[in-house]
Structure formats: C-alpha cells, structure tokens
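Trainee: One structure follows; several queries about it will come next.
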Amino acid sequence: MGIQIVTNLPALPEAIGSLAAALPQTLLATIQQAAEVLRERIISGKLSGSPLKTRSGALKESLSAAASQDGVETTGVVGTSVRYARIQEFGGTIIARGGANLTIPLAGALDSGGQARFSAREVIANPALGGFGGTFVRKHVLFGSLAGGAITPLFKLQPSVEIPARSFMSAALAENRDAIIALIVRGLEELV
C-alpha cells in the first residue's frame with residue numbers, strides 16, 4: 001500500500017504565475033475593504049456618543065478610507081482632515097493664540113443643540129445679539145447683563161485648557177483587529 005503524488009510540473013509555473021499576477025490587485029481590494037470596515041466602525045462605535053458625541057458631524061463626514069500599493073507594500077489608511085481630530089485622539093493642551101484667553105461657552109451662550117449662539121467677541125461688540133444690554137467680565141467669566149439687572153454667565157475665560165485623550169481611531173482599531181485580520185485572510189483565501 002502506498003500513496004502516489006503526481007504533479008504536472010509544466011503547468012505549475014503557469015498556475016503560480018497567474019496567482020502571483022492576481023495577488024497585488026486582490027490584496028489592494030481586500031485592504032481597501034478592511035479600511036472601509038474600520039471607517040464604518042469608527043463612525044458607528046466611536047463618534048456616536050462614546051467617547052465622542054456628535055455636534056456638527058464634521059469629523060464623521062471627514063473620515064476617509066483608502067488603500068495604496070508601492071512596490072510590494074500595500075497600505076490601508078483611515079484618516080481625517082479635521083484639525084481637532086488629533087487633540088481628541090491623543091489629548092493635549094490648547095493655548096490661546098489670538099487673545100489673552102480662550103473663551104469657553106457656558107450654558108447662557110449655547111443653543112438647544114449645544115452649539116454657541118455667538119462668539120465672545122460678537123456679543124462684546126453687539127450685546128443685543130444675545131438679547132443683552134451690555135457685557136462685563138468678573139473673575140474670568142464674561143457676563144451678559146439685562147436691562148432689569150439680571151446677569152447671565154456666557155463664557156469662561158482661560159489662558160489654556162487641557163484636553164484629555166478620547167481615542168476613537170486607535171481604540172476602534174484595537175477593538176476590531178481580529179475581525180480586520182480575518183477579513184484580509186478571507187480575501188486572500190478566495191484568491192487560492
């Protein structure tokens with residue numbers, strides 16, 4: 001009793017050649033798909049309440065996924081062009097540049113959606129914009145004053161603020177690592 005293995009050696013190089021020719025395109029398409037999956041998981045799992053809440057939607061809308069090849073290297077990238085994404089991901093200190101202080105909107109300056117109705121400069125220049133008769137600063141807070149004497153705190157004035165890291169990209173990658181690797185493996189298995 002025995003096992004006999006027969007190969008068709010003349011056909012083997014051709015088979016390997018066609019496999020090698022298809023590999024770069026298959027890999028590029030698979031990495032593109034993996035990047036898209038990660039992008040969607042960042043949007044649905046990280047930019048919809050925890051760790052970041054949606055305010056304007058600019059960060060969600062700006063996320064892009066792409067894949068590229070350079071020689072034998074295939075790279076997938078999920079990125080954004082929104083300026084504040086980096087400080088949200090890694091944390092850091094924001095320092096006032098255009099003036100002595102940052103102006104942090106308080107409840108009196110916010111609309112029902114949590115957006116500032118006006119800037120501190122706008123309400124100082126035109127208090128009526130916020131429905132006020134005037135504005136003044138006390139103990140690092142900009143207030144709006146009404147004709148009857150009532151005052152409303154509008155902005156906290158600070159030279160800098162510390163933003164804690166709220167990882168949305170790295171955390172999503174770590175949480176979805178196994179699923180992304182499995183997707184890539186499946187894509188390559190379909191080739192063979």
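A quick yes/no check of all residues on (1) under 26 Å from the mean Cα position of the chain (by Cα); (2) surrounded by fewer than 15 Cβ atoms within 10 Å (Cβ to Cβ); (3) part of a helix (DSSP H, G or I):
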{"residue": "Phe143", "(1), (2), (3)": "no, no, no"}
{"residue": "Thr152", "(1), (2), (3)": "no, no, no"}
{"residue": "Phe155", "(1), (2), (3)": "no, no, no"}
{"residue": "Val161", "(1), (2), (3)": "yes, yes, no"}
{"residue": "Ala171", "(1), (2), (3)": "yes, no, yes"}
{"residue": "Arg177", "(1), (2), (3)": "yes, yes, yes"}
{"residue": "Leu183", "(1), (2), (3)": "yes, no, yes"}
{"residue": "Leu188", "(1), (2), (3)": "no, yes, yes"}
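Trainee: Only one of Ala147, Ala128 is among the aliphatic types (A, V, I, L, M), free of Cβ contacts under 8 Å to residues at least 60 places away in the same chain and part of a helix (DSSP H, G or I); which?
Mentor: So the residue among Ala147, Ala128 that is among the aliphatic types (A, V, I, L, M), free of Cβ contacts under 8 Å to residues at least 60 places away in the same chain and part of a helix (DSSP H, G or I) is Ala128.
Trainee: Inside the range 103-114, can you point out the residues that are without any contact (Cβ under 8 Å) to a residue 24 or more places away in the chain and on the phi > 0 side of the Ramachandran plot?
Mentor: none
Trainee: Please find, within the range 30-50, the residue that is nearest to Ile184 (Cα to Cα) out of those that are open to solvent by less than 50 Å² (accessible area, probe 1.4 Å) and of a type outside the set (Val, Ile, Thr).
Mentor: Result: Ala34.
Trainee: Against the definition (of a type in the set (Val, Ile, Thr), without any contact (Cβ under 8 Å) to a residue 60 or more places away in the chain, under 30 Å from Thr30 (Cα atoms) and in a helix (DSSP H, G or I)), how does Val123 come out, yes or no?
Mentor: no
Trainee: Given the criteria surrounded by 13 or more Cβ atoms within 10 Å (Cβ to Cβ), touching a residue at least 12 places away in the same chain (Cβ under 8 Å) and in contact with an Asp or Glu (Cβ under 6 Å, 6 or more places away or on another chain), does Arg117 qualify?
Mentor: yes
Trainee: How many residues are outside any strand (DSSP E or B) and on the phi > 0 side of the Ramachandran plot if we restrict to the range 77-94?
Mentor: Residues meeting the conditions: 1.
Trainee: Report whether or not Phe118 is modelled with pLDDT of 95 or more and in a strand (DSSP E or B).
Mentor: no
Trainee: Ok, one more. Suppose we keep only residues that are of a type in the set (D, E, K, R) and open to solvent by 60 Å² or more (accessible area, probe 1.4 Å) within the range 71-112. Which one would you say is nearest to the chain's Cα centre (by Cα)?
Mentor: For the range 71-112, the residue satisfying everything is Arg86.
Trainee: Which one is farthest from the chain's Cα centre (by Cα) among residues in the range 46-70 that are of a type in the set (A, V, I, L, M) and part of a strand (DSSP E or B)? Walk me through it before giving the result.
Mentor: Filtering the range 46-70 down to residues of a type in the set (A, V, I, L, M) leaves 47, 52, 58-59, 63, 65-67.
Subset that is part of a strand (DSSP E or B): 65-67.
Details: Ala65: 12, Ala66: 15, Ala67: 18 Å.
Result: Ala67.
Trainee: Among the residues in the range 85-102, are any of a type in the set (Val, Ile, Thr) and without any contact (Cβ under 8 Å) to a residue 60 or more places away in the chain?
Mentor: The initial filter retains those residues of the range 85-102 that are of a type in the set (Val, Ile, Thr), namely 87, 93-95.
Adding the requirement that they be without any contact (Cβ under 8 Å) to a residue 60 or more places away in the chain leaves none.
Checked against the condition, which is being of a type in the set (Val, Ile, Thr) and without any contact (Cβ under 8 Å) to a residue 60 or more places away in the chain, the range 85-102 yields no hits at all.
Trainee: Still on this model: Residues in the range 125-141 that are of a type in the set (Phe, Trp, Tyr) and loosely packed, with under 15 Cβ neighbours inside 10 Å: how many?
Mentor: 1
Trainee: Give the number of residues within the range 56-83 that are free of Cβ contacts under 8 Å to residues at least 24 places away in the same chain and within 30 Å of Gly114 (Cα to Cα).
Mentor: The qualifying residues number 8.
The values are calculated or read from the model by the stated rules, or taken from the named source; none is laboratory data. Computed from a predicted model, the values in this text were never measured in an experiment. Counting neighbours? That spans all protein chains shown, and the Cβs are built from the backbone with ideal geometry, glycine included. When the accessible area is computed, the model is the full protein with side chains, heavy atoms only, and any ligands, DNA or RNA have been set aside. Shrake-Rupley method; radii C 1.70, N 1.55, O 1.52, S 1.80 Å.
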